[in-house]
Amino acid sequence: MEQFQSQMADDIPSHKYITNRHYLRFFLPYIVIIILLHDIVTNAASHQYPQFVLLALCIVLCFRQFYMWRENRTLVLTYQSLQERLEDKINEGIQALAKNELHYKTLFENHPDAVFSLDTSGNFQAMNVSCTKIFHYSHKELAGRPLLNYVTDPYRHVVRDAIRHAKSGKPQTFDILFNETHLQVTFIPTMLGTKCIGMYGIAKDMTELKEKQQQVEHMAFHDALTGLANRRQFEMRLEEAMKLATKRETMVAVLFIDLDRFKKINDRLGHDVGDLLLIEIGQRLASALRSKDVVARQGGDEFTVLLTDVFSKKSAALVAERLMELLNEPVYIGGHELKITPSIGIAMYPSHGTNVTKLMKHADIAMYRAKASGKNKYMFYAAKMSDVEDEKHFLEGELSKALQNEELVLHYQPQVDLATKRIVGFEALLRWHHPKLGLVSPASFIPLAEETGLIIPMGEWIIRTACKQAATWRDGGYELKVGVNLSPLQFNQSNLVGLIAHILKETKLPPHLLDLEITEGIAMKKEEQVIKKLHQLKELGVQISIDDFGTGYSSLSYLTKYPIHTLKIAREFIREIGTSRQEEAIISSIVMMAKNLGLTVIAEGVETNVQWQFLEKQDCDHIQGFYISKPIPETEIIALLQKSEAHYG
């Protein structure tokens, strides 16, 4: 429009461009009239007018009239042109305005969010279709009525404050819950100069986003399998509980719970059954606690319990006893009767620690002490338990010197043929005689040896010593097989086959008298490499056994692929003979399957005559366990061999 006004101004002559011609045209008629008046006055007496004067007058008038006509014509044409251009510009403006209005109306009406306008009192003036859907009222029901009429407590004061601030010219954004719909509402003031004449509102449905946020928050603070609190939430709640206990002068108890034998069940029956078992355990724990207490899954088969507002250790002990009672009850899953027991460690705030890290660590240490003391019990943390950690570091340092100081020895546990009742071989078991600590349990140092890599040189020493011993027996007239366990680190050595071949040659032991025992875990990893190495060992002529069979993996396909000679049934099955028909059925199945595959079967952990008799009826080949003999040093072996001339049983 400004451009158009400028163009019109350019078309109208400016006073700067008025010339003498324009003045002549303007004043000429008046000059003629003055001349005539002068002539009339001077010739008034005679009343005679010269003809040339009249002629000149006519010419001047015609000349003026011509100029007037031409100028008027120019003005008319200019006016018509300006009028047409003005109409065109007006039409363009109207079309642009209509287009903008259409865009606005389309945006207003079709916007997916609720869009509405309010007056300064907060009454509805206009609203789109989405607004009526969200508020569940029609245009007619909303128009002219206050927005506050449709908002319930506790959000009314939020909306009221937002309207008040919007009237002062400040945009407002807030969240409300309307008919179970989460809305994010924005008020945008409509200003006329410095005065607010109303406001526009936009309400966005945030329900789906809120639900996703809640899901993310739930995932961040809860265990995905059991739905219980996770470690992160547990530590946050523990932090809060300690602060509250300080104010109230009460105590807080942390119970660290580990499930005994869970791994065996999980490996034998599969992860699906294991997961269902964990869910059931979580539900049992939660059912035994107060609403203000917390139960969490730390990971694997470990759970933690937070007891708030505890007034004595006795209160924590009573809860631990109740939890043990619940967890000792059988669990029935998929036709299986599962028996599981807990080992529980308890740490008290503030006596056992004043921060989250220490309390959790001390409860964990107490749990391991409970497990080491026989399982299925609870123990409170004591300062002396921390000595166990120090002992671990001490053993790690001493273990590196044990081999060179000749502190390691082998004990041998006999294996008896059930048909002949005679000893047919021994399993070599490592022992450590420390000069100050005495006999150190293998459970204490074998994991350390594997963790530090010392198991490699120790393993070579075990194989060489066992082969020497078997060669000595053979020289004495006893051709007995010797079994040696291979750890995963040993088995994965690139030079394992060459090393064993060298030791056999060095000790002059016939290869068939060396039995290498591997776990199912080794057998199932890197299948092609394992098969290749086992075939290389078979070519040497050594025997290969699967140790603790049945506790590892449900897939049995490897039995037909691998060059295996013997299956050793795990002691976990043998222990249940006479008490569990399911375990007995598993043993019978293993023996039958092994016979069909041409494999020898050894039952480990035989401790009673009942177990002996059952295995004999199942046609098991060999047995091994305390019922025959505990592991003994090589100095006692000859006496045992002589004794074996008599039948067992």
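Where a number appears in this text, it was derived from the coordinates with a stated rule and is not lab data. In this text, all values refer to a predicted model and were calculated from it rather than measured experimentally. Glycine also receives a Cβ, built like all others from the backbone with ideal geometry; neighbour counts cover every protein chain displayed.
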**Message:** Give me, ordered by chain and number, the residues 5 or more places off A603 or on other chains with an amide H under 5 Å from its own placed amide H.
**Reply:** I569, H622, I623, Q624
**Item:** the stretch 111-210: relative contact order as a whole-number percent, Cα under 8 Å and 6+ apart
**Value:** 28 percent
**Tensor-based shape of the stretch 391-639 (alpha-carbon gyration tensor, a/c under 1.5 rounded, otherwise prolate or oblate)** = rounded
**Request:** With r as the distance between the Cβ atoms of L225 and I188 and R0 = 30 Å, compute the FRET efficiency 1/(1 + (r/R0)^6) and round to 0.05.
**Result:** 0.05
**Message:** For the stretch 316-380, what does the relative contact order come out to in percent, with C-alpha contacts under 8 Å and a separation of six or more?
**Reply:** 32 percent
**Asked** To the nearest 0.05, how large is the calculated FRET efficiency for L289 and T579 if R₀ is 30 Å and r is the Cβ-Cβ distance?
**Response** 0.40
**Message:** Spelling out what I want: for every residue of the stretch 77-91, take phi, set θ = phi - 60°, compute 6.51 cos²θ - 1.76 cosθ + 1.60 (Karplus), and round to whole Hz; glycine and proline get x.
**Reply:** 5, 5, 4, 5, 5, 5, 5, 5, 5, 5, 5, 4, 5, 5, 5
**Complete:** Expected vector for the stretch 185-190, Karplus 3J(HN,Hα) from phi with 6.51, -1.76, 1.60 and θ = phi - 60°, integer Hz, x for Gly and Pro, equals 10, 10, 9, 10, x, 9
**Message:** Looking at the stretch 391-639 only, what percent of DSSP beta bridges run antiparallel? Nearest 5 please.
**Reply:** 45 percent
**Prompt:** So what are the ³J(HN,Hα) numbers for the stretch 118-131, from phi and the Karplus equation (6.51, -1.76, 1.60; θ = phi - 60°), rounded to whole Hz, Gly and Pro as x?
**Reply:** 10, 7, 5, 8, x, 8, 5, 10, 8, 7, 8, 5, 4, 5
**Message:** Quick check: residue separation of D175 and F311 times 0.36 nm, minus the Cα distance between them. What number comes out in nm?
**Reply:** 44.7 nm
**Asked** Using Cα pairs under 8 angstrom and six or more residues apart, how large is the relative contact order of the stretch 222-381, in percent?
**Response** 28 percent
**Complete:** Expected sort for 139-148, 194-203 on mean C-beta neighbours within 10 Å, highest first, is 194-203, 139-148
**Most to least packed among 80-90, 593-603, 495-505 [average Cβ atoms within 10 Å]** = 593-603, 495-505, 80-90
**Message:** Exceeding 32 Å between C-alpha atoms, which entries from my cross-link table qualify? They are K247/K375; K89/K167; K264/K538.
**Reply:** K247/K375; K89/K167
